[in-house]
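Below is one structure; the comments refer to it alone.
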C-alpha cells in the first residue's frame, strides 16, 4: 500500500489524531484536500498560528495565535458534518497541559464522528501522554512518477523538445529532493542556462550537496578520480564496469535489483579510499562519506536517532554512494566501549538496514583489519562482494608510477629507467609510491632543477614501507587473502 491509500484508510477508520512528518507543507496540504474531497467528500480546514483557520469564509482567521482555541472548531460543527482539520507546526504546543487534555477529550468524541485532526510538522515530537492516541505517518518524498510528471509539465510549458530518456535521467537525478526543491533548482537551471540540457544534472547535484552540509552527519565528497587514476586492480575494475549501468531505468526494467555494496579490505595505502571515489565518478553518483564518530552524542537516545536520520538522508539522496571509511574501527570500539550498549545498538541498526534496504544506496566499506568485522556483517546479502587489495605487483607498480608521473609532468618523460625504479620499490603501496614521486620533486625543487630518475631512486631508498614496519600484521593479512575466502582485487599477484 502507498501513502495515499494508507492515509484514506486511517480517515475512513476514524482515527481521530494523525501526525504527518514532512517539511513539504504545500504538497501534503494539496494531497489531503484532494483525497478528502475525492474519496470522502469532507470539508478541509487549515490552521496555522499566525493566520488561524483559512480556506472557509465563515471561519477565516478563527483561533489566530490561540492553539487551544483551534481545537474548539471540531466541536462547533455538528456531529454528522464530515471534516478534516490540518494543524501546521502544532507539535510546538504539545507540551502544554491544557492542549494535551483537550486532545485527549477530542480523541474520545471524534471516534464516533467523521472528523479527523491532522498535525503536520517537519519534526516528530509526541509526548508520552499522547503516544497511544496519535497515529504517526511518514510522508514520502516525491516518487519517480511524480517527478517525471512534473518535469514533463515543465518541458511542455517551455516548448522545449526533450526525449523521454533524458527526462528519465533528470528524474533520477532529482530523486531525494522535495517537490519545492525540485522546482527551485529547475528555476535556477532555466535562469542560468535558458533550457534544460545535459549540464542540468550537475546543478541538481549541487542542491543535494546543500542538504548534506546542513545535516553535519554525512560529508559530501568530491568524486574527482577516474579509472585512469587507479593503477592495477584489474579484477575490481572489471567488476565495476559490469555494473556501470546498474542504477539505470533500463536495469530496473530488465528486472535487476540494485547492487547493495562492497567491502574493500587491505593494506593501508593500497587505494581503498581512491577506489570509493572512482566508483562514484564512474557511475556518476554523489559520494557521501560516513564517519561513525559523528553519530555519537551525549544525550540518551540521541545517537540512535542520528543513525536513523543518517539512513533517511542517504535514502532520500539516492541513488548515491555511501562510503563508510574504516568500518573495522567502529566494530573494534564496540567491543571495548562502556557506553551502556549505545555503540552496539547503532551498529545493529546499521547492519539491519544493510540487509533490508531496497533503495539505490550503494555502500562502500573500507577496512584495514578484517578480524575486527563480525562475519555476519560481510556475508552475501549485505554486501555483494569483498575485495582484498594487496601490495601492487611489478606491473601494477609500473602503472602507478606512470599515473603519478603523468600527473606531475604530463608533457615530459622524467623516468628513463622505470624497470629499475619498479624493482627497488618492491613491497611499496600505491600511497608510498606517490610519496616517492613527491619527495623526488622536493629534492629537485630545493636544487632549482627538474627532478630526475636518480632523485626518485634516492627517495625510494629513504622510504621504509609499511610492509616492513608492520610485517607481522602484513603476514596475517596475506595468509587470510590466500585462504580463498575473499576475492582479489588484482589478478597480478
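Taking the residues in region 25-46 that are touching a strand residue (DSSP E or B) at 6+ places or on another chain (Cβ under 9 Å) and farther than 24 Å from residue 76 by Cα as candidates, determine which candidate is surrounded by the fewest Cβ atoms within 10 Å (Cβ to Cβ). Of everything passing the filter in region 25-46, 25 is surrounded by the fewest Cβ atoms within 10 Å (Cβ to Cβ).
Quick one: is residue 377 surrounded by 16 or more Cβ atoms within 10 Å (Cβ to Cβ) and at pLDDT 85 or above? Criteria not met by residue 377. Only residues that are loosely packed, with under 12 Cβ neighbours inside 10 Å and either touching a residue at least 24 places away in the same chain (Cβ under 8 Å) or over 25 Å from residue 386 (Cα atoms) (or both) were counted in region 446-481, giving 9.
Before we move on, is residue 165 closer than 16 Å to residue 319 by Cα, surrounded by fewer than 16 Cβ atoms within 10 Å (Cβ to Cβ) and modelled with pLDDT under 85? When the stated conditions are applied, residue 165 does not pass them.
Considering region 4-103, the qualifying strands (runs of 3 or more DSSP E), each wholly inside and each with 1 or more residues that are modelled with pLDDT of 95 or more and within 17 Å of residue 121 (Cβ to Cβ), run over 17-21, 43-48, 83-88. Of all residues assigned to region 178-188, none qualifies as being modelled with pLDDT under 85 and on the phi < 0 side of the Ramachandran plot. Only one entry in 98, 121, 107 is within 20 Å of residue 7 (Cα to Cα) and in contact with a helix residue (DSSP H, G or I) (Cβ under 8 Å, 6 or more places away or on another chain), namely 121. Applying the selection to region 391-417, what residues are crowded, with 17+ Cβ neighbours inside 10 Å and either in contact with a strand residue (DSSP E or B) (Cβ under 6 Å, 6 or more places away or on another chain) or at pLDDT 85 or above (or both)? Answer for region 391-417, where residues must be crowded, with 17+ Cβ neighbours inside 10 Å and either in contact with a strand residue (DSSP E or B) (Cβ under 6 Å, 6 or more places away or on another chain) or at pLDDT 85 or above (or both): 391, 392, 396, 397, 398, 399, 400, 401, 403, 404, 405.
Residue-wise test of (1) under 17 Å from residue 393 (Cβ atoms); (2) at pLDDT below 90.
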| position | (1), (2) |
| --- | --- |
| 223 | no, yes |
| 226 | no, yes |
| 229 | no, yes |
| 244 | no, yes |
| 248 | no, yes |
| 252 | no, yes |
| 264 | no, no |
| 267 | yes, yes |
| 270 | yes, yes |
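Residues that are touching a residue at least 24 places away in the same chain (Cβ under 8 Å) and in the same structural domain as residue 318 (by TED's automatic domain parsing) number at least 3 in the following helices (runs of 4 or more DSSP H) confined to region 224-305: 234-242, 272-283. If the condition is being in a helix (DSSP H, G or I), modelled with pLDDT of 85 or more and either in contact with a strand residue (DSSP E or B) (Cβ under 8 Å, 6 or more places away or on another chain) or closer than 27 Å to residue 170 by Cβ (or both), then region 316-348 contributes 327, 328.
Within region 91-125, the only residue that satisfies the criterion of being surrounded by fewer than 16 Cβ atoms within 10 Å (Cβ to Cβ) and touching a strand residue (DSSP E or B) at 6+ places or on another chain (Cβ under 6 Å) is 124.
Each row is one residue, and each column tells you yes or no for (1) out of contact with any helix residue (DSSP H, G or I) (no Cβ under 9 Å at 6 or more places or on another chain); (2) more than 17 Å from residue 119 (Cα to Cα); (3) surrounded by 13 or more Cβ atoms within 10 Å (Cβ to Cβ); (4) outside the structural domain of residue 35 (by TED's automatic domain parsing).
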residue: 60; (1), (2), (3), (4): yes, yes, no, no
residue: 65; (1), (2), (3), (4): yes, no, no, no
residue: 69; (1), (2), (3), (4): yes, no, yes, no
residue: 72; (1), (2), (3), (4): no, no, yes, no
residue: 77; (1), (2), (3), (4): yes, yes, yes, no
residue: 82; (1), (2), (3), (4): no, yes, yes, no
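Checking the structure you have, find out if any residue of region 111-123 is outside any loop (DSSP other than H, G, I, E, B), farther than 26 Å from residue 146 by Cβ and free of Cβ contacts under 8 Å to residues at least 12 places away in the same chain.
no
Of all the listed residues (304, 219), the sole one being surrounded by fewer than 17 Cβ atoms within 10 Å (Cβ to Cβ) and touching a strand residue (DSSP E or B) at 6+ places or on another chain (Cβ under 9 Å) is 219.
The values are calculated or read from the model by the stated rules, or taken from the named source; none is laboratory data. These numbers come from a predicted model, not from an experiment. Here the Cβ is made from the backbone with ideal geometry for all residues, glycine too, and neighbour counts use every protein chain on show.
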